[in-house]
Amino acid sequence: MSVDSDVQAGAHAAAEPQAVAAPAANPALLGLITFLPSGITLGLWFLGYLDTANLPGGMIPMVSLSAGLFLMISSVWAARVAANTVSAIFGVFSAFWLSFGFLLAGLTSGWWGVADAAQVANVQRTYLLSFTVVFILLTLATLRLPLAFTAGFVFVDITFVLAFLGVSTGNAGLFPIAGITTLAFCVIFAYILVDGFAQDLGGKAMPMGNAIVK
């Protein structure tokens, strides 16, 4: 092949459009956007916007289907692309929302044989304490993530501690504070979601803060 033909071939190749790499799989987009409606509902419940005294099962469809089911799907998706930490995070949140929905359904329908208020409070205390411990463990185990994620998990921890103390002590004044902290972690996760959409659509990454543990 002559030099001229080599040059022409190279010019022709350069003129051809370069293939654009497909965006990487990001199950966090599905997980976060389906988590937020349930998180906001929980915050409004703590703040008294949702009257569960007269509609005790009102949160069941939201927490079980929006968050519980779709976070499970996100967890499976993440596991399939070897995003193991993401899969575990969505898995434990899915476990919370699904079990919370079944707890509400059981307590409001008498499925579990829990009748009086003292028994209900005991079940709720045990449930909240168990997930409080697990979410604190999750926070400590993921300190290598950017600071925004840690901040979100910390507000989740605070919410569960407040809810546990509110149920254990009968101090209803703690629940509105838990509502505020719930909406706070929803705002943080919404920020992370917007960043995920921006990057998936070709935009620049938004600041997430440095990880606490390098």
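For the range 170-186, the set of residues classified as loosely packed, with under 13 Cβ neighbours inside 10 Å and either in a helix (DSSP H, G or I) or on the phi < 0 side of the Ramachandran plot (or both) consists of N171, A172, G173, listed by residue number. Please verify whether the range 140-163 includes one or more residues that are part of a loop (DSSP other than H, G, I, E, B), touching a Lys or Arg at 6+ places or on another chain (Cβ under 8 Å) and at pLDDT 95 or above. Looking for residues that are part of a loop (DSSP other than H, G, I, E, B), touching a Lys or Arg at 6+ places or on another chain (Cβ under 8 Å) and at pLDDT 95 or above, one finds at least one in the range 140-163, hence yes.
Out of curiosity, is D157 closer than 24 Å to V63 by Cβ and among the acidic types (D, E)? Taking the combined requirement at face value, the residue satisfies it.
Output yes when any residue across the range 125-140 is under 24 Å from L71 (Cα atoms) and either touching a Gly at 6+ places or on another chain (Cβ under 7 Å) or in contact (Cβ under 8 Å) with a residue 60 or more places away in the chain (or both), and no when none is. No, the range 125-140 has no match at all. In the range 160-178, the residues that are farther than 15 Å from G48 by Cβ form Cβ pairs under 9 Å with partners that are of a type outside the set (F, W, Y) and in a loop (DSSP other than H, G, I, E, B), at six or more places apart or across chains, as follows: L165/N171.
The values are calculated or read from the model by the stated rules, or taken from the named source; none is laboratory data. This one's a predicted model, so the numbers in the text were calculated from it and none came from an experiment. With ideal geometry, Cβ positions are generated from the backbone for all residues, glycine too; neighbour counts draw on all protein chains shown.
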